[in-house]
Amino acid sequence: MITELGHFALILAFMVAVVQMVVPLVGAHNRWPGWMAVAEPAATVQFILTAFSFCALTWAFVTSDFSLKLVVENSHSAKPMLYKISGTWGNHEGSMLLWVLIVTLFGAMAAWFGGGLPPSLKARVLSVQAAIAVAFFAFILFTSNPFLRLAVPPFDGQDLNPLLQDPGLAFHPPFLYLGYVGLSMAFSFAVAALIEGRVDAAWGRWVRPWTLAAWIFLTIGIALGSWWAYYELGWGGFWFWDPVENASFMPWLLAAALVHSAIVVEKRESLKSWTILLAILAFGFSLIGTFIVRSGLLTSVHAFANDPERGVFILMILIVFTGGALTLFALRAGALEAKGVFGVVSRESALVANNVILAVACFVVFTGTMWPMIAEMFFDRKLSVGPPFFNLAFTPFMVLLGLIMPIGAMLPWKRGRLGRAMRPLRGAFVLAVALGMLVWAMQSGRSALGPVGLFLGAWMVFGALVDLWSRTGRSGDRFGRLLRLPRADWGKACAHAGLGVTMFAIAGLTAWEEEDIRVVTMGEPFDVGAYTLTLHDVIETTGPNYFSTTGDVSLAQDGRELARLSPEKRQYPVARMPTTEAAIDYRFMRDVYVVLGDKQANGGWTMRVYIKPFTNWIWGGCLLMAFGGALSLSDRRFRVAAGARRLKAQGMPAE
């Protein structure tokens, strides 16, 4: 009964979304307040109905309702409860329901907290958001219905993909979807502004927090996915430039550019057309990611295996929304007159450089991701574009971004002097260079990647600290003023420093990682780097829904045991799929990563060991970036009604 009610609620939500898409838009065009007012209650009702539908599906997974086809294909009665719940979105149909739930949530939040928006703009924003929901409601109901029943329910289910039965993958998709779908709000604001033909500082202030929230969620989601790949897949890497990894990374790059571009719109009323274009492209790349994951066009360990018919439907959604918005942009961009002018040396110019670097980097990733498919379709050639291409093509843009970021943060608005901006940064630059040279001298002839990465990371971290300190004045209680700085200033410093930490960690790991692969005899110690490892035993154990071959490995240094590690090889009998569970000794400066392989004819076991310096700093830097974004988002200037004072000054009501 609950399942049928969930299906019915989904249909009702679809109908409400259609009303919300049409009525407020017509009302805004004709200036009918009653019609425009329909948007707010419709957005709330749409969210409540979708939330009930999602809860009904979750209940079916929790109670192992095997009369539901989706539960049979993605669950099992012996599965732990966490993975029963995460199984709700660990498949195509359930994940699309989660997607549309988040679309309606953001629409409802815009209705709840958009009191300072002009009524016509608010009505148009909610109508565009509802149009996105209508498209995905239709996709779910007509091609991907999660509530299909089976005439003869089986005794038990087929289990969830074992790779997805992990805490990292339980939380990774919701955060990623919050980021993907969060960009739909920036898209809705952009299209609404194009329809109205007006973009001003108030618009920039409204679109910026939505974009920042999406960027924060994307940062956390990407970090969780990277961490999961690191410890779960058993290959020891944190990023493989997989098509689905790239599909989440490209919107992240554009969202970062959009956050910075919206600052220029808000502060200087410049870059209006470019900011609108970025908002369209950022959500467009989110739709491209959805298409890549669900079309079956590109092969990936992360992709859902689905028929091309669904991919065509998503492709049509992509074409309608992105193509339609770009067409509207081409027709109306001329009306978006930029008011602010600025010199070549100014903060505006630095932000433009930031935008260009991020946008071109995104295009490089997009080209490398799609080129194998293009080559096969048009040139009948099978090509593989892997990490060497991406590392070589993408890295220079990030190095350039890291170099200019501290300088750009110190430049004044409108016009400035480079020498004056660099003066406070001289100490930070000298210290960063000294650290890089020290490591270069200590590493005994290895590649320059590690020292260069340390210089770049230190330059960004020290530059962020200097930027904060420079805002406290030149005399008096500077420490007191430092603590009283706006949260947005602290947030910017944390985010920039976090990027520096991540850049250094990636460079250090790549330059200084050690790897050892060998056949290990039971009880015989062996050395890897500064550590001694011994395989003491291999035993067979049983988990909730799997069988495990588990090793007992001691890790020692200078005769002192540091840890006992338990690498595993698991076999899931229902899914008929093996997984590798690496054993990792996490430390602040390094990880020791151990993988148990197959038993050999001589009685030994294959074992891979990696010494990975600064690995945890990668995700620590990502968390610092997300924390910085959250600090900025909590700034009071984001929580007040954007543009309310401007409207009041013009003699117009704020709502």
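The numbers here are math on the coordinates, done by the rules we state, and not lab data. Here the structure is a predicted model, which means the values were calculated and not measured. Positions of Cβ are backbone-derived with ideal geometry, glycine not excepted, and every protein chain shown enters the neighbour counts.
Worth a mention:
- Environment charge of A279, counting only residues whose C-beta is closer than 12 Å and scoring Lys/Arg +1, Asp/Glu -1: +2
- Selection from I85, G324, Y177, by position along the positive dipole direction of the chain (Cβ): G324
- Reported to the nearest whole Å, the Cα centre-to-centre distance from the stretch 563-590 to the stretch 327-388 is 40.
- Most to least packed among 39-49, 403-413 [average Cβ atoms within 10 Å]: 39-49, 403-413
- Once both labels are positioned 7 Å from their Cα atoms along Cα-to-Cβ, the gap between R31 and I11 label points is 4.2 nm.
- Values of log10 I(q)/I(0), in the order q = 0.12, 0.14, 0.18, 0.20 Å⁻¹, for the stretch 1-161 under a Debye, Cα-only, solvent-free model: -0.54, -0.68, -0.94, -1.08
- Pairwise FRET efficiency - M1 versus T367, Cβ, R0 = 45 Å, nearest 0.05: 0.30
- Amide H contacts of V528: L533, each under 5 Å away and 5 or more positions distant or on a separate chain (H built 1.01 Å from N in the peptide plane; Pro and chain starts excluded).
- Using the Cβ-Cβ distance between S447 and V344 with R0 = 41 Å, the FRET efficiency computed as 1/(1 + (r/R0)^6) comes to roughly 0.70.
- Alpha carbon centroid spacing (whole Å) that separates the stretch 7-38 from the stretch 99-158: 14 Å
- Checking (1) 47, 33, 26; (2) 39, 32, 23; (3) 42, 37, 20 against the coordinates, the calculated semi-axes √(5λ) of the Cα gyration tensor in Å falls under label (3).
- Under 19 Å of direct C-alpha separation, and excluding same-chain neighbours fewer than eight residues apart, K69 reaches these aspartates and glutamates: E4, E93, D156, D159, D307.
- Positive end of the dipole of the stretch 1-161 (Cβ unit charges, origin at the Cα centre): among A43, N145, T63, the Cα lying farthest that way belongs to A43.
- Each stretch of four or more DSSP H residues adds -39500 (n - 2.57); spread over every residue of the chain, this sum gives -21000 deg cm²/dmol at 222 nm.
- Relative intensity, log₁₀ I(q)/I(0), of the stretch 514-615 from a Debye sum that treats every alpha carbon as a point, q = 0.22 Å⁻¹: -1.15
- Taking a straight Cα-Cα cut-off under 24 Å and skipping sequence neighbours fewer than 8 places away in the same chain, the lysines within cross-link reach of K599 are K569.
- Estimated at 0.36 nm per residue, the fully extended path between R423 and T541 surpasses their Cα-Cα distance by 36.1 nm.
- Database remark: amide H of V520 closer than 5 angstrom to the amide H of W605, T606, M607 (H placed geometrically; neighbours at sequence offset of 5 or more, or on other chains; Pro and chain starts carry no H).
- By average C-beta atoms within 10 angstrom, highest first, the peptides 387-393, 447-453, 286-292: 286-292, 447-453, 387-393
- Distance violations [Cα-Cα > 21 Å] among K267/K414; K79/K612; K122/K414: K79/K612; K122/K414
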